[in-house]
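In what follows, a structure is listed as structure tokens, so that the remarks can point back to it.
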């Protein structure tokens with residue numbers, strides 16, 4: 001009886017052990033299955049290290065402030081004729097454009113008709129065969145006409161037309177002297193001269209007050225936003241600019257201006273910590289609306305009120321591009337860095353040191369790194385030099401056994 005009881009107990013223990021083993025196997029299987037499913041749904045995140053660039057930047061509205069001078073006259077009612085086109089370089093004192101005289105179209109039409117009558121009168125005399133002077137003038141006229149047809153430069157067109165007109169008058173005068181009907185030709189010439197005098201007397205030429213770039217893009221802020229009065233420019237001054245951000249300045253049909261093409265200022269109102277700690281003379285970069293990143297020097301910081309400051313940047317690149325704008329969107333790049341770029345979520349901070357976990361062929365290594373630069377999302381990292389590691393207290397053996405990070409390594413995100 002006692003033996004049966006002991007046998008029963010052993011049997012029960014065996015069954016319990018088997019049941020426990022089976023339960024453990026089931027639990028392990030469930031865990032493995034859960035991990036496998038979880039891995040399939042959301043695999044372990046890794047990041048491949050590549051060379052990249054990071055910035056500490058902020059976006060704001062920039063106001064373009066130029067060294068520019070308006071050129072105009074009260075005699076704009078009849079419109080202007082450009083001598084120098086938009087964007088042309090001009091020397092001080094050179095003619096930029098002219099204002100039209102009253103009845104200019106009518107006078108030009110009358111002169112054109114007289115030119116035809118004069119030529120018709122000359123052709124009717126058949127005197128070119130015995131006048132070498134007329135033959136020479138006709139050759140010069142043909143040369144200028146050919147040059148006129150092959151140019152789009154307004155200044156050259158005006159010059160060639162003037163020379164052709166001069167040659168035709170000379171030709172007509174010679175023909176008048178040689179022709180029996182010279183008095184009629186001279187009468188036509190005198191009439192033409194009278195019309196031409198009326199035309200020229202009403203034309204007013206405008207000269208460049210300084211050397212620079214000619215522009216007809218006038219918005220009315222040329223005398224309010226200048227490089228000479230930045231000390232008086234306030235936030236209210238900038239807010240009073242009603243131009244839309246990124247809007248092109250329209251061309252004027254009444255006046256023009258000459259712009260210094262070597263530099264201009266961009267003013268912006270900032271409230272960031274970088275702006276508050278910036279100093280005059282600091283150099284940063286600006287990313288303009290054309291995506292160009294250009295160097296900029298801080299020439300003035302004013303109005304440290306309500307946590308804001310007006311920062312004036314001086315630039316020497318893309319000045320001509322900005323002539324078309326007064327108000328643009330800019331990115332102020334306080335600093336940038338290039339190198340091995342990694343997400344901040346991959347970096348472990350322990351005991352004032354930084355590490356990443358490298359995954360390679362199924363194995364992981366914890367690697368010490370140095371952070372060169374870091375913004376909110378990414379960091380540029382590199383390996384410590386041997387000298388730096390020694391200064392940090394590592395022995396030669398420790399340094400020799402250390403692993404380093406390199407391009408295209410895979411590191412674990414959120415380790």
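Data overview
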quantity	calculated
Residues within segment 175-189 that are at pLDDT below 70, assigned to a helix (DSSP H, G or I) and surrounded by 16 or more Cβ atoms within 10 Å (Cβ to Cβ), tallied	4
Residue list for segment 247-265, restricted to those being closer than 13 Å to residue 327 by Cβ and in contact with a strand residue (DSSP E or B) (Cβ under 6 Å, 6 or more places away or on another chain)	249
Matching residues in segment 316-332 - criterion: being buried (at least 19 other Cβ atoms within 10 Å of the Cβ) and not in a loop (DSSP other than H, G, I, E, B)	322, 323, 327, 328, 330, 332
Residue check for residue 248: exposed (fewer than 14 other Cβ atoms within 10 Å of the Cβ), under 25 Å from residue 71 (Cα atoms) and at pLDDT 95 or above	yes
One residue from 246, 220 being in a loop (DSSP other than H, G, I, E, B) and either in contact with a helix residue (DSSP H, G or I) (Cβ under 7 Å, 6 or more places away or on another chain) or under 28 Å from residue 57 (Cβ atoms) (or both)	246
Hey, residue 65 over 30 Å from residue 285 (Cβ atoms), modelled with pLDDT of 65 or more and either within 28 Å of the chain's Cα centre (by Cα) or part of a helix (DSSP H, G or I) (or both) or not	no
Top-ranked residue in segment 386-415 [being farther than 13 Å from residue 368 by Cα and touching a residue at least 12 places away in the same chain (Cβ under 8 Å); ranked as farthest from the chain's Cα centre (by Cα)]	415
Index of the failed condition, residue 374 passing every other in (1) touching a helix residue (DSSP H, G or I) at 6+ places or on another chain (Cβ under 8 Å); (2) free of Cβ contacts under 8 Å to residues at least 60 places away in the same chain	(2)
Tabulated pairs, segment 342-369, first assigned to a loop (DSSP other than H, G, I, E, B), second surrounded by 15 or more Cβ atoms within 10 Å (Cβ to Cβ), C-beta under 7 angstrom, 6+ apart or interchain	347/354; 347/356; 347/379
Residue check, residue 135 modelled with pLDDT of 70 or more and in contact with a helix residue (DSSP H, G or I) (Cβ under 8 Å, 6 or more places away or on another chain)	yes
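The values are calculated or read from the model by the stated rules, or taken from the named source; none is laboratory data. Please read these numbers as outputs of a predicted model, since none were measured by experiment. All Cβ positions, even for glycine, are placed from backbone atoms using ideal geometry, and neighbour counts span all protein chains on display.
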